[in-house]
Amino acid sequence: MNVIKNVRQAKPLVHCMTNYVTVNDVANVVLASGASPIMSDDRKDVEDITSLCNGLCINIGTLNARTVKSMFIAGKKANALNHVVLLDPVGAGASKLRTETAVKLIKKINFDVIRGNISEIKALAGLSSSTKGVDADVADEVSEKTLPSVIDYIKKFSKDTGSIIAVTGRIDLVTDGNKCYVIKNGEAAMKDITGTGCQLSALMTGFIAANRENKLEAAAMAVCTMGLAGEIGKAHLAEYEGNATYAKRIIDAVYNMTDEILEEGAKYEIR
């Protein structure tokens with residue numbers, strides 16, 4: 001499957017309604033993949049911008065009353081045009097506003113993918129969870145021991161929502177309710193960089209927009225790409241370099257990624 005080649009050939013335009021903390025890195029990783037980003041969150045602008053794009057990534061990381069309204073407008077327009085739509089429910093479970101907004105978005109908009117950490121997904125699935133800010137709580141961490149039960153409930157959540165569910169953490173999971181990719185790419189040091197999850201969500205939107213006939217595989221390969229880029233970036237760090245340089249190395253690794261490199265380096269199994 002030529003996932004990356006398809007992205008570079010199709011050059012999908014991705015409307016990123018992302019948070020202000022990570023917006024620049026999100027734009028750069030989308031560009032590095034071969035897709036093109038555009039950012040807009042004003043309610044008078046988002047409908048027109050969404051109409052121009054191939055995919056919409058809604059990230060609730062820096063919510064306010066103005067952007068919430070814009071998200072519903074953009075999401076409904078993307079659905080009407082049959083565009084790819086992804087939800088990144090940053091911090092769901094951490095506050096009433098974030099949780100309620102994410103739940104309402106899921107009810108009103110048809111998402112191709114819902115991508116978050118395990119605590120966010122558990123909060124949206126109605127399972128008890130204690131989110132640590134916008135990070136997953138240690139108590140929720142997916143391990144080899146908990147893997148079977150986690151796969152079961154995210155498959156159910158996928159069927160309930162009609163969305164691919166992507167859970168990222170130490171072990172990454174991507175399911176359409178039937179198959180589940182269990183992915184083990186990545187570096188522990190990635191947690192020291194703000195926004196790798198936000199970058200992945202936008203990257204995944206572009207991957208799916210360019211590979212719509214294979215949405216599940218495209219979503220899984222986006223996760224593998226980001227994790228593998230983390231591994232490659234870490235391997236190229238000098239001893240004196242830290243997280244600022246590492247963030248750039250990851251984007252460079254995405255820029256230089258090919259289907260051949262991805263096929264050789266991707267670590268996954270299907271359950």
- prompt: When you look at Asn117, is it open to solvent by 50 Å² or more (accessible area, probe 1.4 Å), in contact (Cβ under 8 Å) with a residue 12 or more places away in the chain and under 18 Å from the mean Cα position of the chain (by Cα), yes or no?
  reply: no
- prompt: From Asn54, Asn79, which residue is in contact (Cβ under 8 Å) with a residue 60 or more places away in the chain and either over 14 Å from Asn19 (Cβ atoms) or surrounded by fewer than 16 Cβ atoms within 10 Å (Cβ to Cβ) (or both)?
  reply: Asn54
query: Assuming Asp192 fulfils every condition listed in (1) open to solvent by 40 Å² or more (accessible area, probe 1.4 Å); (2) in contact with a Gly (Cβ under 7 Å, 6 or more places away or on another chain) apart from one, which condition is it?
result: (2)
task: Quickly run through region 249-262 and pick out the residues that are in a helix (DSSP H, G or I) and exposed (fewer than 14 other Cβ atoms within 10 Å of the Cβ).
output: Glu260
Contacts under 9 angstrom Cβ, first residue in region 217-228 being over 17 Å from Asp88 (Cβ atoms) and assigned to a helix (DSSP H, G or I), partner at pLDDT below 95 and open to solvent by 10 Å² or more (accessible area, probe 1.4 Å), 6 or more apart: Glu217/Met1; Met221/Met1
- line: Selection over region 1-27 where residues are surrounded by fewer than 20 Cβ atoms within 10 Å (Cβ to Cβ), closer than 26 Å to Glu213 by Cα and under 17 Å from the mean Cα position of the chain (by Cα) yields a count of 2
- request: Would you tally the residues in region 82-91 being at pLDDT 95 or above and either open to solvent by less than 10 Å² (accessible area, probe 1.4 Å) or of a type in the set (D, E, K, R) (or both)?
  value: 6
query: So which of Leu216, Leu228 is open to solvent by less than 40 Å² (accessible area, probe 1.4 Å) and under 29 Å from Ser51 (Cα atoms)?
result: Leu216
- request: Quick one: count up the residues across region 201-213 that are under 18 Å from Thr258 (Cα atoms) and open to solvent by 10 Å² or more (accessible area, probe 1.4 Å).
  value: 2
- prompt: Name the residues in region 28-42 that are hydroxyl-bearing (Ser, Thr, Tyr) and surrounded by 22 or more Cβ atoms within 10 Å (Cβ to Cβ), would you?
  reply: Ser33
statement: Among the residues of region 214-271, the number that are touching an Asp or Glu at 6+ places or on another chain (Cβ under 6 Å) and either β-branched (Val, Ile, Thr) or on the phi > 0 side of the Ramachandran plot (or both) is 1
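The values are calculated or read from the model by the stated rules, or taken from the named source; none is laboratory data. These figures come from a predicted structure and were not determined experimentally. A quick note on method: Cβ atoms are made from the backbone with ideal geometry, for glycine too, and the neighbour counts reach across all protein chains shown. Keep in mind that these areas ignore ligands, DNA and RNA; they rest on the heavy atoms of the full protein, side chains included. Shrake-Rupley method; radii C 1.70, N 1.55, O 1.52, S 1.80 Å.
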